[in-house]
Amino acid sequence: MMSAPKVAVLFGFGINCDHETAAVFNLVGGDAERVHVNHFISGERSMEEFQILAVPGGFSFGDHLGSGRLMGNRMRFALRDQLHAFVAAGKPIIGICNGFQVLVKTGLLPGPNAPLPDFVQRASLTLNDSGRYEDRWVTLEFDGNSPCIWTKGMTRMDCPVRHGEGKFVMPSTTDFDALAAGHQLTVRYVDPATEVGSGMTDEPLPFPLSPNGSMRNIAGVCDTTGLVFGLMPHPEAVYAKWLHPDHTRNTAPGPEHSEALGAWEGEGLQMFRNAVEYVKTNL
Amino acid sequence: MAVTRVEVTPKIGPGMRDVRGDVVRRQLAADHNINIDDVRSIVGFLIKSEIDPGAIALRVDDLFADPIIEDGATNTLLLSNKEHFPSCPSTVVTVGFKAGVTDNPGAAALDGFKTIFPTSEKSAISTYITYAFFGLPHEVDVQWLAKTLHNNLIQRALVADQNACTAGQWPAIEYTEKPPQEFEAPLHVNMEIPDQDLIDLSETGLLALNLEEMQTIQAHYRDADVRAARTAAGIVADAPTDVELECLAQTWSEHCKHKIFASKIHHIDTETGEDTIIDSIFKTYIMKPTHDMQNEVDWLLSVFHDNSGVIAWDDDWSVCMKAETHNSPSALDPYGGAMTGIVGVNRDILGTGLGARPIANTDVFCFGPPDWEGDLPDNLFHPSRVFRGVHAGVRVGGNESGIPTVNGAIVFDDRYIGKPLVYCGTIGIMPRRLPDGRESHIKTPVAGDIVYMVGGKVGYDGIHGATFSSLELTEESPSSAVQIGDPITQKKMVDMVLEARDTGLITCITDNGAGGLSSSIGEMAEYTNGCEIDLAKVPLKQAGLSAWEILVSESQERMTIAVKAEDCAAFDALATLHEVEATPVATFTDTGIFHVKYEAATVAYLPIEFLHDGVPQLQLESEWIPPKVEAFVPPQAANHADLMLRMLARPNIASKETWVRQYDHEVIAQTAIKPFVGVKRDGPGDAGLIAPIHGDPHGLVISCGIAPRYSDIDAGAMAAASIDEAVRNAVCAGVDVDKIAGLDNFCWPDSIESVKTPDGRFKLAQLVRANRELERVCRAYRLPCVSGKDSMKNDYGTGEKKISIPPTLLFSVFGDQPDVRFTATSDLKQPGERLYLVGRSHNELGASEISFMLKESGEASGVGGTPPQLEHPERNLATYRALSTAIQTGLIQTAHDCSEGGVGVAVAEMCIGGRLGATIDLDGTGDENLWARLWGESLGRFVVAVKPEKEHEFIAWMSGQPITFLGEAVEGPNLTINDGYDEILTADVEAMVASWQGALDMTGGVE
């Protein structure tokens, strides 16, 4: 068993979920450090030092010219080689909310139908159909057959979304079919009234079940390796049951017991534990 | 250099939509009942650069257009392209910024442009947006449409009407720059002039100083010692420079010096015969009680003197809070004004102690009715537009800064049409001790420290903000008083500053708000008793600013930070890493002089003592004559079920969910009670509750109270009600009542008797009464006020057209909550829960929401009567302690405070949150008058629900406190309210939901 996997949590230029993203990795046995994007660009720090990379939520560069685009460009142009090496080394990457938008716009997600990235943008996240930024809770369901290492064993969870540009689009249905065949449509918005395991549908769900009008109700996708994963909802924001809206009704879901938080672990923490455990086992 | 035009528009196709255009279409439908077939949008970039347009064209898809969802084109107008616009629009409006106005998308585009073209150092980019309307109804005036889509104070618009569209004559915004300005050497201002000329000098120069203040300045320059010192310093001896006069005007402004709160007041009460002198409302009623309490507790770390009040939260962390208003700028430019309000108060937190981290925002707005159909005075926006703009500004400011909005309120009254109130508050957290051992709430500057200006550059935007806000709003109000914030520049600065704090680089820090460098460096210079500034070192947005303009400009996103000389290299390196502007502009001294230079020349030489303590105390007259308000007499016959649905739709009561949900209230992963609660997460939350240390359930409660309408009868009652409401809300979350701190934010109409304000004595008496109640209630509640602010000129116009706001106190509290796992929310949890009223209802219907509703509808003729009183606050405190500890032990999980609409509305809201019915009986809950027990707004009351198995324990716990059994939650669809044997109303819960949620949903729907 190796020591605590080192997690680089990017910050700077308007990323703003860096503190809590670092905290949740630390709660599950990671060794997270907030690293300024420019430290990697200048070469003062190297991604090689780390086993996991997280691109947290926020408003990088104010989301002007499209969410995640300017940060995506900095990474695409200035960090291309480091990112390529990171993926080639089989190390997990997660992008949450703005981080997902960044990974999509760098081309890391959904990526080519090949194990290594080519930094070509194939999808986008655009303005919610409602035209509004909203913070609301949604129900997510995970594809149990997805190669995604981040979501292993996860079935359904409640989770907040907080975005104005979360509608996942790709140019054609064949693009989606290809991703679906590889089980890369890892997580989708579902109607909580459906039975667990049967909620996923390609038909667009009405607002607010789908908060943004995403094609095929997509909330998050992974690359072909399952190591690079991004999603619009915020699993780190439900690391504890006391962050779930139902906790005063005594019905907040989550494990009955955990080392991290006793009876109060929330459903979101498992995602980060999965990555830490993956690194401990495989790297 | 050439200017290249790039235009971008959303692709059309299955599943794709032009959301920007859609939003405009829906808002025109929601606000003006205008139905349009389709609106499409184009974003334009005007790139002035040495890079060849052909080279730019090749990279359009790399930067300006997202190739998956957008089409882009270079040096053409997309409207003329049939491929993108196959059909011809009937109207086109294009909107760009005026030269010199902050263009955030342009700045971001430039940053991205430099990533792609690293050699393009001298480039500049401005942006515009074009809306193409299809099927615009003929009766819609094109100029009117353009006016609703832009604000001519900061933007310009071009239009194409039907004829121009048919002819293909598309409007094209061109690149413009602010004309170059010449630096003007400081002027010497002759003060040896007659009194009337001194007054004129103050008015024409927007100095906002009165005659006595001008004379005090005049006298300073007559002093022989002053003249000798000035001669020695090489500055004009017998007159102020314009730099000095502007600096004094800023520092002595009502905004900065709170002259009315500091004044000597001759107060007469015609009811009681009282005739007294009050030497400073602030010192007497606010500061003294807090200092008395500070002697008795160990957790009040820093009160009044810093940018926010600091309390010890636990052994490792302290928390602080500040609330500000941004009323005048929000009236002129709702979006920009409100955004600078929120990001400005964030900087107050960053500038507290050695730097605190902002972790939560609160927003409280007061607007005119959004459905107002009456006349609008010149130069004022319709309340719905003010509402949209202010909301958008605060939303963008808060969300982009990554600070959750956890609590707030929106209040409506006709009189806020004249001046909206925009209160923005921020809570901060900092480690009690820094790694180097210093206590973080204490600033430690010494003479010799280097003073940096950090963040943005200085421009023309925001010159005269402080003095402007100390004047009433007129048609001539200057556009330079308005700025647009840039949250991302500020966010980068916050990241950098907190890192600098933790590495021990900061000895002193404050924000640049009102008065700019003049105030920030001026205030910090009091610590060491002197400073020397070189204005020529200050980085500028545009060349040519004169010395006084640099000194007083309120350009946003700036902090002033002192660093030891040996730490400057490390500080510079941090600034480079974070790409933050940081420039040393001054040095602290101990000379006793605020010494300002421009290169070698001394342009201001003011004794620190004169600058800060020289302003003469105002002498004011106050006289209380109780206003005569026609009594509220409820109608004989009333259908209370119908009244319930109407009350729930009152804007002051109705759900604000569609607005509040647009704030990020959960970033930082700490929010344990959301703004909306319950089974469908749409019932009202009473207070914000956060657990800011990840993994630790230790909580902090944030809540507020505001009740401006009681001022119509008695501003004292208004103040007491505001404080009590804030505390009640905090109790609902289980606050530790022995560790709560308060913030008082007064917004008042002009209270100085003059020709413009003939009723100044009355308005000042209202202020006196409000503050006396504030002292009485705060002392009884052991509730120290640790910070506050006042805005004292909230009037529009003069004479008969004058609109004055109702005197308004926002009272905010923040307090310790031992464990967020044990708290309560307002939603009913399950059928069979037993409902109790905590507190008693009294015959206090004066200025109640029901009285206003029935007066407006003509069913009653007045709103007068006894407003809610707080006769025995010390008894309330005992009740609050009992209830709060019942929540902290898990005995109670459902609690809701009674405010607007009384017990009736409180229970209705609990049913809405739980989607459950309830049957209650008001018999025995208070005074005889049913209206008072049902709709009255008596203070000190809550409705709580307790599980049947815990009922005995609850009753025992509350022994000695006033509790009355009301009834229970039921499975059925109805809320039934009885009074003994009489059924008063039965209302369907879903119907109540529809009334409550429909009133303020101005989204135009989602389809």
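The values are calculated or read from the model by the stated rules, or taken from the named source; none is laboratory data. These numbers come from a predicted model, not from an experiment. FYI the Cβ positions are ideal-geometry reconstructions off the backbone, even for glycines, and counts take in every protein chain you see.
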Q | Verdict on B:Met191 being more than 28 Å from B:Asp461 (Cβ to Cβ) and either buried (at least 17 other Cβ atoms within 10 Å of the Cβ) or in the same structural domain as B:Ser80 (by TED's automatic domain parsing) (or both) | A | yes
Q) Which pairs have Cβ atoms under 6 Å, sit 6 or more apart or on different chains, and link a residue in the stretch B:431-458 that is of a type in the set (Asp, Glu) to one that is crowded, with 19+ Cβ neighbours inside 10 Å? A) B:Asp449/B:Thr507; B:Asp449/B:Ala562; B:Asp449/B:Phe588
Q) Does any residue in the stretch B:290-306 that is without any contact (Cβ under 8 Å) to a residue 60 or more places away in the chain come within less than 9 Å, Cβ to Cβ, of a residue that is in a loop (DSSP other than H, G, I, E, B) and of a type in the set (A, V, I, L, M) six or more places away or on a different chain, and which pairs are these? A) B:His291/B:Val303
Q) Which condition number does B:Met16 fail, the rest of (1) hydrophobic (A, V, I, L, M, F, W, C); (2) in a loop (DSSP other than H, G, I, E, B); (3) closer than 20 Å to B:Trp170 by Cα; (4) within 37 Å of the chain's Cα centre (by Cα) being met? A) (3)
Q: Filter the stretch B:797-835 down to residues that are more than 14 Å from chain A (Cβ to nearest Cβ), among the hydroxyl-bearing types (Ser, Thr, Tyr) and crowded, with 24+ Cβ neighbours inside 10 Å, then give me how many there are.
A: 2
Q. What about B:Glu246, is it buried (at least 17 other Cβ atoms within 10 Å of the Cβ), touching a helix residue (DSSP H, G or I) at 6+ places or on another chain (Cβ under 8 Å) and charged (D, E, K, R)?
A. yes
Q. Is it true that A:Pro117 is more than 9 Å from chain B (Cβ to nearest Cβ), touching a helix residue (DSSP H, G or I) at 6+ places or on another chain (Cβ under 6 Å) and in a loop (DSSP other than H, G, I, E, B)?
A. yes
Q: With the checklist (1) assigned to a loop (DSSP other than H, G, I, E, B); (2) more than 30 Å from B:Arg20 (Cα to Cα) in hand, flag the one item A:Val9 doesn't pass.
A: (1)
Q. Which of the residues spanning the stretch A:257-277 are part of a loop (DSSP other than H, G, I, E, B) and within 12 Å of chain B (Cβ to nearest Cβ)?
A. A:Glu259, A:Ala260, A:Leu261, A:Ala263, A:Trp264, A:Gly266, A:Gly268
Q: Name, by its number, the condition in (1) in contact with an Asp or Glu (Cβ under 8 Å, 6 or more places away or on another chain); (2) within 29 Å of B:Val677 (Cβ to Cβ); (3) hydroxyl-bearing (Ser, Thr, Tyr) that does not hold for B:Ser812.
A: (1)
Q: Please go through the stretch A:129-139 and pick out each residue that is at the interface with another protein chain (Cβ under 7 Å from one of its Cβ atoms) and in contact (Cβ under 8 Å) with a residue 24 or more places away in the chain.
A: A:Asp129, A:Ser130, A:Arg132, A:Tyr133, A:Glu134, A:Asp135, A:Arg136, A:Trp137
Q) Can you pull out the strands (runs of 3 or more DSSP E) entirely within the stretch B:25-98 that have at least 2 residues that are surrounded by fewer than 21 Cβ atoms within 10 Å (Cβ to Cβ) and over 36 Å from the mean Cα position of the chain (by Cα)? A) B:70-74
(Q) I'd like to know if the stretch B:652-661 contains one or more residues that are within 14 Å of chain A (Cβ to nearest Cβ), within 31 Å of the chain's Cα centre (by Cα) and farther than 24 Å from B:Gln997 by Cβ. (A) no
Q: Hey, could you check the stretch B:184-207 for residues that are touching a Phe, Trp or Tyr at 6+ places or on another chain (Cβ under 8 Å) and of a type in the set (A, V, I, L, M) and say which is modelled with the highest pLDDT?
A: B:Met191
Q: Note down all Cβ pairs under 6 Å where the first residue falls in the stretch B:198-217 and is surrounded by fewer than 22 Cβ atoms within 10 Å (Cβ to Cβ), the second is at pLDDT below 90, and they're at least six residues apart or on different chains.
A: B:Leu206/B:His464; B:Leu206/B:Thr467
Q | Of residues in the stretch A:57-88 being more than 9 Å from every other protein chain (Cβ to nearest Cβ) and in contact with a Lys or Arg (Cβ under 7 Å, 6 or more places away or on another chain), the one nearest to A:Phe119 (Cα to Cα) | A | A:Gly72
Q: Report the residue count in the stretch B:229-243 for those that are surrounded by fewer than 18 Cβ atoms within 10 Å (Cβ to Cβ) and assigned to a helix (DSSP H, G or I).
A: 4
Q | Complete set of residues in the stretch B:329-358 that are assigned to a helix (DSSP H, G or I) and closer than 19 Å to B:Gln155 by Cβ | A | B:Pro329, B:Ser330, B:Ala331, B:Leu332, B:Pro334, B:Tyr335, B:Gly336, B:Gly337, B:Ala338, B:Met339, B:Thr340
Q.
Checking A:Asp177 against (1) free of Cβ contacts under 8 Å to residues at least 24 places away in the same chain; (2) in a loop (DSSP other than H, G, I, E, B), only one condition comes out false. Which one?
A. (2)
Q | helices (runs of 4 or more DSSP H) enclosed by the stretch A:24-104 - at least 2 residues per element that are more than 21 Å from B:Ala108 (Cβ to Cβ) | A | A:37-42, A:80-88
